[in-house]
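Data block below; observations after.
The values are calculated or read from the model by the stated rules, or taken from the named source; none is laboratory data. All values reported here derive from a predicted model rather than from experimental measurement. Every residue, glycine as well, gets a Cβ built from its backbone with ideal geometry; the counts of neighbours run over all protein chains shown. Each accessible area value is taken on the protein alone, full model and side chains, heavy atoms only, with ligands, DNA and RNA left out. Shrake-Rupley method; radii C 1.70, N 1.55, O 1.52, S 1.80 Å.
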Amino acid sequence: MSAAMDTESTYSGYSHYSGHSKKAHRQGRDRHKSPRSKDGSRSEKSVTIQTPPAEPLLGNDASRAEEGQDDNWGETTTAITGTSEHSISQEDIARISKDLEDSVGLDCKRYLGLTVAAVLGLLVFLTPIAFILLPQILWRDDLEPCGTVCEGLFISVAFKLLILLIGTWALFFRQPKADLPRVFVFRALLLVLIFLFVFSYWLFYGVRILDSKDTNYQGIVQYAVSLVDALLFIHYLAIVLLELRQLQPTFTVKVVRSTDGESRYYSLGHLSIQRAALVVLENYYRDFTVYNPALLTASKSRAAKHMAGLKVYNVDGPGNNASGQSRAMIAAAARRRDSSHNELYYEEADHERRVRKRRARLVVAVEEAFTHIKRLQAEEQQKAPGEMMDPREAAQAIFPSMARALQKYLRTTRQQQYHSMESILQHLSFCITNNMTPKAFLERYLNPGPTLQYDRDRWFAKQWTLVSEEAVTSGLQDGVVFVLKCLDFSLVVNVKKIPFIKLSEEFIDPKSHKFVLRLQSETSV
């Protein structure tokens, strides 16, 4: 346990930045302000998709690596804790107030839609029961006796209402996955259809039965049964429109992440743009590797270094215009670009060599640590029960021997901001509990996994913005392009229609498979 606590103090570099992290954070914030200001002048329509739970953004994580970061930043970091001062501008206050207003509006819209649907559903289920009970309450003595057929209809109504209730619960009562910017057109049409249908039944019931006080009670019960049958058919129509219509693949969408160019292809059916965007986001968290901005800093620092090395001298005096200087700088940059590929080649080769070296050290350290815990498990069976270790204690016991190698590997591959010491200990105790091998433990760190593999507070984006030139309630069409934006990057989605394929049939007679051996003088047969 003491060794684990010592390692925890040594491993504290996972959750801290270097002294220049505040500067990188301000630069990142300024970098993301400019696209927002540009979007305001665009003619595209921009709407927002907001997911229900409030989680921090990946872009707000304080563990982002900065440009030109030293490889031994964990050992040279000074962490200052205590009271900190933060400054906020009027623009930030206005943006925060706007976000609060948008969230309040989305919540009101969501709860209003749920309230309307709940009231309409309650009216639908109570209407057939009211049709049957009102004559019994208002003019019971004048009704004709209900025979065997009439009493059998009671059972039919009861079971049909039970089936309708179960089907409605399975189709409509689901936990919402996201707040869409616009209403779902087919769902709204179904609600309007149900309202008109029930209203027309009530209108006919009030005019022909309540006003005239019809004494044919069997006919009244049959009228209620017809209402329940019609509601069952509407439920079948809802299944076709909401579930079955989108199952057949009709379009192929290509999703490209704007920062690193990673792309995936998906097949979609007949969906609106906003629902297609929701499907793309669900698949993005599962299929795309986690977005790591630290991997993009190398190219930016290299370009900045090349431009910083250029110097322009004005030999003609201060009277010469600046256009000549800019042309000279561009020409010098072009000449230097011809030799920059050598620098890129050696940088990448050196980085790959370091990654392979530290990967080998990590694999050896983890395998050795797991052999210790296996030996401890064999020895603990013969010791007193008070000295036995649970999986958490065993993980803390073997973690110090692999901590430094794992820390250096994560720094080299720039993954340290996604793996805290607590998450590594939890994963290690999980592997020990389930008797997993060292290779299974290292799989999470050696191969960048999908976004869902990491902690939600390190990647989950609370809000996505859907930018589309077409209305988001319109269906997908060939050539439609829309963009999903979050704070750090965007997903560009290009829609292509699956082409119509025509197959023809050609019959081959099995008896036609005859062959002749052709001999030549050169062949030795």
| request: With a bin width of 10 angstrom, please list the P(r) values of segment 100-246 as percents of all Cα-Cα pairs, from the 0 bin to the one holding the largest distance. | output: 9, 35, 29, 17, 8, 2, 0
| message | For a Förster distance of 30 Å, can you work out the FRET efficiency between the beta-carbons of Asn435 and Arg361, rounded to the nearest 0.05? | response | 0.75
| Given the convex hull over the Cα atoms of segment 471-521, what projected area results after averaging over all orientations, in nm²? | 10.8
| Distance (nanometres) between label positions extended 7 Å along Cα→Cβ at Gln136 and Asp478 | 6.1
| field | Neighbourhood net charge (13 Å Cβ-Cβ; Lys/Arg +1, Asp/Glu -1) for Tyr217 | value | -3
| task | With the Cα gyration tensor of segment 138-199 in hand, convert its eigenvalues to equivalent ellipsoid semi-axes via √(5λ) and list them largest first in whole Å. | result | 37, 16, 9
| query | For Ile163 and Leu296, what is the calculated FRET efficiency with R₀ set at 60 Å and r taken between the beta-carbons, to the nearest 0.05? | reply | 0.60
| task | Please sort 203-215, 253-265 by packing, taking for each peptide the average over its residues of neighbouring beta carbons within 10 angstrom, highest first. | result | 253-265, 203-215
| Unsatisfied cross-links (Cα-Cα over 22 Å) in the set Lys177/Lys497; Lys254/Lys497; Lys357/Lys408 | Lys177/Lys497
| Hey, can you rank 115-126, 405-416, 493-504, 222-233 by average C-beta count inside 10 Å, highest first? | 405-416, 222-233, 115-126, 493-504
| remark: Net charge (Lys, Arg +1; Asp, Glu -1) of residues whose beta-carbon lies under 13 Å from that of Ser429, Ser429 excluded, is -2
| remark: Here the FRET efficiency for Thr115 versus Asp390, based on Cβ atoms and R0 = 60 Å and rounded to 0.05, is 0.75
| query | In the calculated pair distance distribution of segment 395-479, what percentage of Cα-Cα distances lie above 18 Å? | reply | 56
| Solvent exposure of segment 100-246 as accessible area per residue, Å², 1.4 Å probe | 62
